[in-house]
Amino acid sequence: MRGLLVAQRTALINAFRAHLTEFGIVAPLGPSGVARLIALVRTKEEPLPERAYETLAELAGMIEATHARILTFDARLKRLAAANEASRRLMKVPGVGPVAAGTIHALAGDMTRFKRGRDFAAWLGLTPRQNSSGDKVRIGVITKAGNRELRSLLVMGQLAVLRHALAAPAKASPWLTAMIKRRPRLVVAVAMAAKTARVIWAMLARDEAYRPHRAITA
């Protein structure tokens, strides 16, 4: 349900932005940009037709209502995570908050059904697709198989970790520092999410606590 609502909110925001773009009105991407456009519509700062304002105000209300419902599901997931010992341990992993931990608890099931951490990462669609021909192995993009909502939560969480690393590069690990130099930011976040998935598997399949300074074999 949360994933469905997030998709609906995205579609509404895209429509809202598209309608305003027709009148030459744009704003930066992200929540602050949407809030700025909604405020513009509510205050009628621009000389738009009244019917356009009526339609845009209705769209703005739908965006806000959908966002409020998403926050309700977030609160449920937070309660689920707080009540579960394994989820509380997961929240110690950088980039894994209450919503991600609760979603993992709700959707991943028994981790022992995966033989290793890479299998769990593959189930999430975070492993690269391989195209082999003869003795040549070509590594492609990630498969994007599995649950899109859970994969997105892990990637978004690692984007937040990456932003902190870019703000304080001296504290970043050598592996992350090398990745930042070589690859685009989103690619780095996906690689971090895949690595985090392996850590999550090890913690849940082996009933381990998070160990920040010790690599968990996955």
Filtering the range 67-99 for residues that are aliphatic (A, V, I, L, M), over 30 Å from Ile13 (Cβ atoms) and assigned to a loop (DSSP other than H, G, I, E, B) leaves a count of 1
Give the residue, chosen from Gly117, Gly102, Gly109, that is outside the structural domain of Glu22 (by TED's automatic domain parsing), buried (at least 20 other Cβ atoms within 10 Å of the Cβ) and more than 17 Å from the chain's Cα centre (by Cα).
Gly117
Selection from the range 23-34 of residues loosely packed, with under 14 Cβ neighbours inside 10 Å and either assigned to a helix (DSSP H, G or I) or touching a Phe, Trp or Tyr at 6+ places or on another chain (Cβ under 7 Å) (or both) yields Pro31, Ser32
Give Leu56, Leu40, Leu20, Leu4 a once-over and let me know the one that is of a type in the set (A, V, I, L, M), touching a residue at least 40 places away in the same chain (Cβ under 8 Å) and not in a loop (DSSP other than H, G, I, E, B).
Leu56
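The values are calculated or read from the model by the stated rules, or taken from the named source; none is laboratory data. None of these values were measured; they are calculated from a predicted model. All Cβ positions, even for glycine, are placed from backbone atoms using ideal geometry, and neighbour counts span all protein chains on display.
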